[in-house]
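Report on the following structure.
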Amino acid sequence: MSSTGNPGLPPATPEAMAALTRRAPQPSEDEEGFLAHSIALSRVIGSPGYPFDEAAQRAQALAEVKRAYNPAGFGRQIAAIAATGDRRVRLNTIAAPTLVVHGAADNLVPLAGGRDTAANIKGAELRVIEGMGHDLPPELYETVTLAIAGNARRTPTRLI
């Protein structure tokens, strides 16, 4: 669910960017509005090939906001992505066995980002999951866990 920073790659869909950058209501002032905002974002960037569990998404959003709410963190994350720039040269130095898991239906980070990541890490394996967006549906926990376990058994492609 990430990319290389390659400026030639396609961006997020306009719908995903609009949902991501739309200001959420302050949860302490409008908890229901905040939760509605979170659910709407989850629907846009989620996995269209899997059931959307609104109750679970709502419970997760509520738990997260109660644990820690820091909207400035979003701005710092976007700034960090922009400041990092193109990471392809650094990705080429990775020697560890690498598995890139990416959803075919990711509206936030298009599949081209996952393909570019795998292409820039020597020996990387790309696992594209049909119907998966920019989240990890419970139905895919076992699939992803088994893929990670398989990758952990691989031998490094070269020594550092």
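A few notes on this one:
- Annotation note: GluC sites (Glu not before Pro) in the stretch 15-76 located in DSSP loop regions with a Cβ neighbour count of at most 13 within 10 Å are Glu29.
- Dipole of the stretch 78-145, positive direction: furthest Cα of Ile121, His102, Gly133, with charges on the beta-carbon: Ile121
- Angle in degrees between helix 141-152 and the longest Cα principal axis of the chain, rounded to the nearest 10: 30 degrees
- Among Phe74, Phe52, Phe34, residue whose mean-square fluctuation peaks in a GNM of the chain (springs only between Cα atoms under 10 Å): Phe74
- Assigned charges on the beta-carbon of Lys, Arg, Asp, Glu; the stretch 56-160 dipole about Cα centre (debye): 460 debye
- Per-residue HN-Hα couplings for the stretch 64-74 [Karplus 6.51, -1.76, 1.60; θ = phi - 60°; Hz; x = Gly/Pro]: 5, 5, 6, 5, 6, 10, 9, x, 5, x, 4
- Relative contact order (%) - criterion: Cα under 8 Å, at least six apart; region: the stretch 83-147: 37 percent
- For the stretch 11-24, 3J(HN,Hα) per residue [Karplus equation, 6.51 cos²θ - 1.76 cosθ + 1.60, θ = phi - 60°, Hz, x = Gly/Pro]: x, 4, 5, x, 5, 5, 5, 4, 5, 5, 9, 5, 5, 7
- These residues, Lys66, Lys122, go from largest to smallest accessible area, 1.4 Å probe, as Lys66, Lys122.
- Positive-end residue, the stretch 1-89 charge dipole about Cα centroid, Cβ charges, pick of Ala59, Ile45, Gly33: Ile45
- Only Lys, Arg, Asp and Glu carry charge here, each on its Cβ (+1 for the first two, -1 for the last two); on that basis the stretch 40-79 has a dipole of about 160 debye about its Cα centre.
- Remark: relative contact order (the stretch 1-123) = 46 percent; criterion is Cα-Cα distance under 8 angstrom and separation of 6 or more residues.
- Unit charges at the beta carbon, dipole of the chain: most positive-side option, Ala147, Ala72, Gly85: Gly85
- Once backbone amide H atoms are built at 1.01 Å from N, Val101 has Arg127 as its partners under 5 Å, excluding neighbours fewer than 5 places away on the same chain.
The values are calculated or read from the model by the stated rules, or taken from the named source; none is laboratory data. These numbers were taken from a predicted model, which means no experiment stands behind them. So basically every Cβ, Gly included, is an ideal-geometry build from the backbone, and we count neighbours across all protein chains shown. Remember, those area values only see protein heavy atoms, side chains included, never the ligands or the DNA or RNA. Shrake-Rupley method; radii C 1.70, N 1.55, O 1.52, S 1.80 Å.
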